[in-house]
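J.: Next up is a structure, given as structure tokens.
Throughout, read-outs are computed from the coordinates displayed, never taken from laboratory work. All of these numbers come straight from a predicted model, not from anything done at the bench. Cβ: placed from backbone, ideal geometry, glycine included. Neighbour counts: every protein chain shown.
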Amino acid sequence: MSKIFSYLFLSIVVLGCSKDDSIHVDLSKFDAITERFPYTDLNPEVTFNYYELLYSIEGNADEELIASEGTLCANASDPDTCAESFNAMETMFGFAGGCLPSYCFLYIKLQEEGTNAILNTPEQLLTFLGTIDSASEAILWANVNGYSHSSSSKETGAIQKVDDHFELLVSELVSGCLPYQTDQVHLRIDSDGKIIELGRAVFSYAKNSCI
């Protein structure tokens, strides 16, 4: 099960489709989140020459490059050795973890003036971003804090910019087994990363199911 993406529905009873149970918002004011990895519009506030945002799955040597910016080893005296050192970096954990009962996560590889670093905690990510000022950053920050987005339903996969903050419709896994339950959540995310829940409703529930 991935907390970042759509949930694995077993034999569940979907309650979120009920008009009485869902959060009451005007969906027409929200933009649908249509991508699995909607993180290409990041605006880092740290200095860097190059970075990569990567998706990693436990036990799988192949990682997926989600986003990158800059030029790797642009000023290196030995570009091949520099690139080899950068590409060899790896980590066993990251942020926005999910994929129960296995484990998957996102993390960042960063290069600045020949120095390589891995960013794999929420605190490091927020320092990297500085302020949450794009839809990509708001969605990523929600995912990092345990909320998932759907790429096929606006009920749990939508976002809108409101003045100086973002509002999102996402989901959260409340219980993974006996019962299995996810909630629909209406979030506000401020530019400093503060998250406020504006509303919550049971979205799916199955008394005798597990992930």
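J.: For the chain, what's the relative contact order in percent, using C-alpha pairs closer than 8 Å and at least 6 residues apart?
T.: Relative CO of the chain lands at 27 percent.
J.: Quick one: which residues, 5 or more positions from Glu69 or on another chain, have an amide H under 5 Å from its amide H? H modelled 1.01 Å from N in the peptide plane, none for Pro or chain starts.
T.: HN-HN under 5 Å from Glu69: Tyr51.
J.: Just to confirm the number: angle between the C-alpha axis of helix 79-88 and the first principal axis of the chain, 0 to 90 degrees, nearest 10?
T.: The angle comes out near 30 degrees.
J.: Another question about this same structure. Whole percent per 5 Å bin, from 0 to the bin with the longest distance: what is P(r) over all C-alpha pairs of the chain?
T.: Per 5 Å bin, starting at zero, the Cα-Cα P(r) for the chain comes out as 1, 7, 15, 18, 18, 15, 11, 7, 4, 3, 1, 0, 0 percent.
J.: Shifting gears a bit: Mind ordering 72-81, 134-143, 29-38 by average Cβ neighbours within 10 Å, highest first?
T.: 134-143, 29-38, 72-81
J.: Now for a separate question. Could you put His24, His186, His149 in order, starting from the residue whose Cβ has the fewest other Cβ atoms within 10 Å?
T.: Fewest to most other Cβ atoms nearby, the residues stand as His24, His186, His149.
J.: Can you tell me, using C-alpha contacts under 8 Å and at least 6 residues apart, the relative contact order of region 143-193 as a whole percent?
T.: 30 percent
J.: Okay, moving on. Can you list which of the trypsin sites (Lys or Arg not before Pro) found in region 132-211 are DSSP loop residues with at most 13 other C-beta atoms within 10 Å?
T.: Lys194, Lys207
J.: From Cα pairs below 8 angstrom and at least 6 apart in sequence, can you work out the relative contact order of region 46-129, rounded to a whole percent?
T.: Over region 46-129, the number comes to 34 percent.
J.: Using the Karplus curve 6.51 cos²θ - 1.76 cosθ + 1.60 with θ = phi - 60°, what ³J(HN,Hα) values do you get for each residue of region 176-191, in whole Hz, with x for Gly and Pro?
T.: Each residue's phi maps through the Karplus curve to give x, 7, 6, x, 8, 8, 10, 10, 7, 10, 9, 10, 10, 10, 7, 5 Hz.
J.: Where nothing but the Cβ of Lys and Arg (+1) and of Asp and Glu (-1) is charged, how large is the charge dipole of the chain around its Cα centre, in debye to the nearest 20?
T.: Roughly 1020 debye, rounded to the nearest 20.
J.: Points 7 angstrom from Cα along the Cβ direction at Ser152 and Thr34: gap in nanometres?
T.: Calculated label separation equals 1.6 nm.
J.: Still on this structure: Run through region 59-133 and list the GluC sites (Glu not before Pro) located in a DSSP loop whose Cβ has at most 13 other Cβ atoms within 10 Å.
T.: Here the sparse-neighbourhood loop sites are Glu90, Glu113.
J.: So, in the chain, how many Lys pairs have Cα atoms under 27 Å apart, if the pair is 8 or more places apart or on different chains?
T.: So the count works out to 18.
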